[in-house]
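The values are calculated or read from the model by the stated rules, or taken from the named source; none is laboratory data. What you are looking at is a predicted structure, and each value in this text was computed from that prediction instead of being measured. Glycine also receives a Cβ, built like all others from the backbone with ideal geometry; neighbour counts cover every protein chain displayed. SASA here: full protein model, heavy atoms, side chains in, ligands and nucleic acids out. Shrake-Rupley method; radii C 1.70, N 1.55, O 1.52, S 1.80 Å.
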Amino acid sequence: MKNWIQAFSVIDFISAGILVTAVSINTFKRIEPCVKAYTLNSWLLSALTAVAAFMTGEVHLYAASVVTFLSKGILIPMFLRRIVRRIKATHDVEPYISNALSLTISGILVVVVYAALKEGIFVTGLSKNVLQISIAVIFIGLFIMITRRKAIIQVIGLLFMENGLFLAGFALTFGMPLIMELGVLFDMLMGVIILGIFVIQIKKSFASSDLDKLTILKG
Amino acid sequence: MVLILIIPLVTAFICYMLKSAKLVGYVSLAGAVALASVALPVIMSAISTPTEMMNGVLYMDALSGYIMALVIFLSLASAVYSIEYLEHEMKVGLTGARGVRRYYALFHLFIFTMLLVTTANNLALMWIAIEATTIVSALLIGLGFSKRSLAIEAAWKYIILCTVGITFALLGIFITYYATTAVMGGQGALNWTTIRSIAPKLNPSTMKLAFIFILVGYGTKAGLAPVHNWLPDAHSEAPSPISALLSGILLNTAFYGIMRFVTITDPSTGSVFTGNLLILFGLISMGISSVFILVQVNYKRLLAYSSIEHMGIISLGIGIGGPVGVYGALLHILNHALSKPLMFFVSGRIQAHYGSTKIENVGGVLSSMPLMGTLTFIGVLSLAGTPPFNIFISEFTVLQAAVLKGLWVVAGLFLLFAAFVFYGMLSGFGRMLFRGKETPKVEENEKGSNRDVASGFSVSMSSAFNKGIMILLASLIVVFGFTVPGFIDSTIRICIDILGVK
C-alpha cells in the first residue's frame, strides 16, 4: 500500500487538486460555488494529511486530519452557507477585474512562486510540490481578497489563505504539535464566526454587502 | 501565575451574568483590583527570578513582567474610567443594559488575551493569544456606541487586515519550527526558552525569512506603517476606554512578540539584519504618521496617528540597539502607555461635552472645562515630546543612541519627523484649548434631543473616580519627566539583559 501511494504519487495528485480548487475561485460568478470550492479544498487538505499519516504512521497526523475535516470541511462551510442565505447574496461576486484577467494573474502567481522556490533553502519530507503549492494557495487567497467586492468573498479568500498556510506548515514540519494546532484552529473558527457576524451587520447598516460602501473613514 | 489568567475570565463571566447595569461597572472594577493585587507579588518575583509553569508552556521573566504590569495598570485605569463613561452613554441612550454587560464581559476577556500574550512561552501559544486579542477587540470596536455603521466599518477593516497580517506571522512560526527541527532532529521546539538556548545554531537564512514574516505579521498588529491603515479607524471609532487600551498596551503586546523574536533571531543572523529592518519600519512609521498628523481634522484620529509615530520610535530604539537604544525604547513603551490613555480619556469627555470629534467644532476647552483643559494640555505637551515631560526623556534617549552609533541620517530624520509631530499636535490641540469659546454642539445623531444630558457628566462617586484616575495619570507623567524611579530603572536593565543586548 505504501509503495502504491508513492508509485502513483498520490500526494502530488491531491496537492494539485488543492491548487486547482483554489484557482477555480477566479472563474465563479456566484458565491455558492465558491463555498463549494472551499469545501472541496478542505476535504483534499484533510485527505492529504490522512495519506501522510498512513505513510509515516504518526498518530497525531490522523487526529489532525479528522479535526481538519470536521472544522474546515463541515462546520465552516455550513456556517458560510447560512450567512449567504441570510444576506441573500447568492448572486454576483462582482470582481473589480474581469474573470479572464483574474485567472491569468493567478496563473502568473503560481509560475512566480514555482520559479522563486525552485532552489529554496527548504528540504521537505514530502514532495517538493507541496510547499510550492501551499505558498501559491496563500497568494491566490490574498489576491482574491483584494480583487473582490463582496464581504463574504473576502472571508472565503482569507479561509483559502489559511488552508494554504496549514499546507505549508504540513509540508515543512508535518504540522505543529497537535495541541497547538487545535488552538490555532479554534482561533480561526472564532475569527470566521465573528467575521460572519460582521458581514450580516454590514448588510444591515449599509443595506448592501459591497465593501465599496465602507469608505467613510479615511485620512 | 495561573490565577492571574483565571481572574479576568471569572470577572468576564460574572459581568455577563449580572442583571443590574449599575452594579456591573463596580464588579468589573473589583475584578481589576483583585487581578492587580494577585499579580503584583507574582510580577515582583518574576522580575528577579524567571519562572516556568505547565511544562514550560507559560513563562515569566522581567520583560514579560514589565509588559504585564503595564497591562494590569492600564486595565485598572480603564475599568475605573469605564464606569462613568458607560453611565453617560446609557443616560444619553446610546446603549442599553445588555450593551453594558457585553462591554464589560468583552473588556475582561480582552485583558485575559493580553495577559496570555505576556505569559506565553510557546511561540504558537503566543500567536494564538495575539490572534485572540484581535478577535475580542474587534467585537469591542464593533460595539460602536456613537455611530454604529462607522464602528462596523472600522471593526471590519481591523479584523481583516490584522488576521491577514497575523497569518503571515504564523508562517514565520512554522519556518522557525522547521529551523529548530534541523538543529534538534526529529521533534522541533516551539518554546522560546528552548529556542533561545539553541539560537546560535539555527540556520541564518531560514531565520531571516522567518523574521521577515514575523515582522510583517506582528508589525501589522503593532501599527507599524505601511500596514497601519486599520489603526486610525479602530482607535477613533472604539469607545474611549477601549481606545486607551488599544493604543496604550495592545500595540505594545504585539511589539513584545517582535522583541521576543529578535532575541532568537539575532544570535544566528547577527543584530545588523534585524536592527536595519526595525529602523526602516520605524522611520517609515514616523514619516507617514507625521504627515497625517499635520493635516488631521479629527482629534481622535490625530491621537491614533500619534500612536503610530510612537510605535515607530519604539521600533527605532530596538532597531538601533545597544543598551542605550533598548533602554530608550523600553522606557518609551512605559511613557507612551501613560500619556496616550490620558489623552483618550480626556478626549472621551471632550467628545461627550461638545458632541463632536472634529477639531473645528471644539473651542475654548480650557475655559469651559478647566480641569479637562489642563489635563489635555499636560498630555499633549507630553505626547509632542516637550521637556520637562516623560516622553521627552525617552525620545531623547533613543536619539542619543542613534548619535552614539553614528547613525546621523537616522538621527536627522528622527528630528525632522519629531518637529512635524510637535507642530501638528500643538496646533491641533492648541486650537481646541485656546480658541474662543463656542457653544457645545450636540451630535447630529438620530436620538436628537439630549442636549441637557450631553452637556456634562453628573457629580457622583463614579465621576470622582473618573477624575481621580486622570489626575493620577497626569501626575505620573509629570513625575516621570523629572526622574525614572529606581525600581523601573532596574527592571529595564534586567530586560536589556534578557534581550541579549551588549
Region B:302-348, residues that are aliphatic (A, V, I, L, M) and within 11 Å of the chain's Cα centre (by Cα): B:Ala304, B:Ile308, B:Met311, B:Ile333, B:Leu334, B:Ala337, B:Leu338
Output the number of residues of region A:172-219 satisfying the condition of being in a helix (DSSP H, G or I), among the hydrophobic types (A, V, I, L, M, F, W, C) and farther than 30 Å from B:Thr357 by Cα. 13
Out of the residues in region B:173-188 meeting the condition of being more than 10 Å from every other protein chain (Cβ to nearest Cβ) and not in a helix (DSSP H, G or I), tell me which one is farthest from B:Leu499 (Cα to Cα). B:Gly186
Restricting to region B:140-156, give me the number of residues that are under 20 Å from A:Lys150 (Cβ atoms) and more than 7 Å from chain A (Cβ to nearest Cβ). 0
Give the residue that is least open to solvent (accessible area, probe 1.4 Å), with candidates limited to residues of region B:189-207 that are without any contact (Cβ under 8 Å) to a residue 24 or more places away in the chain and within 12 Å of chain A (Cβ to nearest Cβ). B:Ala189
Residues being open to solvent by 40 Å² or more (accessible area, probe 1.4 Å), free of Cβ contacts under 8 Å to residues at least 40 places away in the same chain and of a type in the set (Val, Ile, Thr): count how many of those fall in region B:2-18. 3
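Among the candidates B:Ile242, B:Ile279, B:Ile258, which residue alone is more than 20 Å from B:Ile130 (Cα to Cα) and either within 14 Å of chain A (Cβ to nearest Cβ) or modelled with pLDDT of 90 or more (or both)? Can you show your working first?
On the way: B:Ile242 fails: more than 20 Å from B:Ile130 (Cα to Cα); B:Ile258 fails: more than 20 Å from B:Ile130 (Cα to Cα).
After ruling out the rest, the residue left standing is B:Ile279.
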Which of the residues belonging to region B:208-229 are at pLDDT 90 or above, within 14 Å of another protein chain (Cβ to nearest Cβ) and within 16 Å of the chain's Cα centre (by Cα)? B:Thr220, B:Lys221
Meets criteria (within 13 Å of another protein chain (Cβ to nearest Cβ), buried (at least 24 other Cβ atoms within 10 Å of the Cβ) and either aliphatic (A, V, I, L, M) or touching a residue at least 24 places away in the same chain (Cβ under 8 Å) (or both)) for B:Leu170: yes
In region B:130-139, residues that are crowded, with 24+ Cβ neighbours inside 10 Å and either more than 7 Å from chain A (Cβ to nearest Cβ) or more than 23 Å from A:Ile216 (Cα to Cα) (or both) total 5
Residue check for B:Glu84: modelled with pLDDT under 90, assigned to a helix (DSSP H, G or I) and among the acidic types (Asp, Glu): yes
Report yes if some residue within region B:262-269 is part of a helix (DSSP H, G or I), within 22 Å of the chain's Cα centre (by Cα) and buried (at least 21 other Cβ atoms within 10 Å of the Cβ); otherwise report no. yes
